[in-house]
Ligand code: LLP
């Protein structure tokens, strides 16, 4: 299955995911007791189903994500029989948020879904509906880090989590409400690095000791980095696990019972599996700058306009007869790559702050395909209907075959529910 076949069969712009890459990334984390996928990164049902078959459970941040998890075959309740080695049962779906909207409170109460509370007000709201529930607390350790200030979820600048100094008060509130705190979770940001993530283990240990023996699960949250730019490499996950495992063992010794150790990656599991396939539709010069305009825009992939994110790109000439033609092509030239939207920010090659940058690509012609890579996390899920553009199709490539797992929206889909 090559890029031209995919484009011919499914049209462009198109999201394509490599199933084997997702499986490999799930297996990379096998040392952890539980890998919980932050499905906000890529929540297509076929991807969730694949991840479920790898033994990975899910996080849900909304009623919609709970619905997706159930549709993909996850059950709402912990499977008690699955608990081994004295570890507590795994909750297949955990609702993690800083609020309950009314629909999500109804859903977790009705389905009996475990809740990770990011604000203390959630405690009484849950207790009223589910008396005696066990909860996890998401704690903001007072520091955070992310690839962008917009993805830093710790410290005073972040709305996320229960402030670390409020733990005694929050424990009193939980006790008063009749809920017991069985889990502790920290997530300091997305796209951070292992140096910052390592600091979380000791911050979590301090808070765990304050909470005490009711704890049976600790979660390192997500945030694992992936290499996007040339020269970046994968982080040493073995060393990272050792650090957390050591901390968990100290807690087990102190509390006298087993503690389940979770990790909650989003990006790490799916980013590298995903490609956006686009077609070059216009090439022009604006003074000294050359632009390639493709049929995907920030309605398709929003990360560059939101964060100035870098995504690798490769060109697949429409006229290439063989792979050799791709390699033997003329010298690369510097081009800016943009999309079809009526907005200047619709540029894939931009840096943080909206400055247009360029990329070295082989000379392109209208009709060539441009593939935007490492787009499998926070790609399709953040796509929009801006400019009344349909959401793209998604295909899952497995065993050499591409399966359509979400149809491209139609013009009718765009106006569904509207009336004149
Ligand atoms: N757990 C919680 C509670 C989270 O809020 C997130 C991400 C994760 C886990 C997963 O983080 P990851 O392993 O993917 O870094 N749209 C941004 C990323 C936003 C992340 C939001 N929360 C981007 O495109 O970079």
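What the table below lists for this structure:
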item	result
Leading residue by the ranking (surrounded by the fewest Cβ atoms within 10 Å (Cβ to Cβ)) among those in the stretch 214-238 that are more than 16 Å from the ligand (Cβ to nearest atom), in contact (Cβ under 8 Å) with a residue 12 or more places away in the chain and within 27 Å of residue 310 (Cα to Cα)	230
Residue list for the stretch 175-196, restricted to those being more than 14 Å from residue 244 (Cβ to Cβ), surrounded by fewer than 17 Cβ atoms within 10 Å (Cβ to Cβ) and within 13 Å of the ligand (Cβ to nearest atom)	193
Residue in the stretch 126-136 that is assigned to a loop (DSSP other than H, G, I, E, B), surrounded by fewer than 19 Cβ atoms within 10 Å (Cβ to Cβ) and within 16 Å of the ligand (Cβ to nearest atom) present	no
Unique residue being within 24 Å of the chain's Cα centre (by Cα) and within 30 Å of residue 347 (Cα to Cα) when the list is 233, 280, 218, 200	233
Test result for residue 94, within 14 Å of the ligand (Cβ to nearest atom), in contact with a helix residue (DSSP H, G or I) (Cβ under 6 Å, 6 or more places away or on another chain) and not in a loop (DSSP other than H, G, I, E, B)	no
Residue match in the stretch 28-35 (condition: in contact with a helix residue (DSSP H, G or I) (Cβ under 9 Å, 6 or more places away or on another chain) and without any contact (Cβ under 8 Å) to a residue 60 or more places away in the chain)	no
Members of the stretch 365-420 found to be within 16 Å of the ligand (Cβ to nearest atom), crowded, with 18+ Cβ neighbours inside 10 Å and part of a loop (DSSP other than H, G, I, E, B), listed by number	374, 375, 376, 377, 378, 379, 383
Counted residues, the stretch 251-267 - those being in contact with a strand residue (DSSP E or B) (Cβ under 7 Å, 6 or more places away or on another chain) and in a loop (DSSP other than H, G, I, E, B)	4
Where residue 105 falls short, out of the listed (1) away from the ligand (no atom under 16 Å from the Cβ); (2) out of contact with any helix residue (DSSP H, G or I) (no Cβ under 9 Å at 6 or more places or on another chain)	(2)
Qualifying residue in the stretch 197-213 (condition: within 16 Å of residue 34 (Cα to Cα) and either modelled with pLDDT under 95 or within 16 Å of the ligand (Cβ to nearest atom) (or both))	no
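The values are calculated or read from the model by the stated rules, or taken from the named source; none is laboratory data. These numbers were taken from a predicted model, which means no experiment stands behind them. Every residue, glycine as well, gets a Cβ built from its backbone with ideal geometry; the counts of neighbours run over all protein chains shown.
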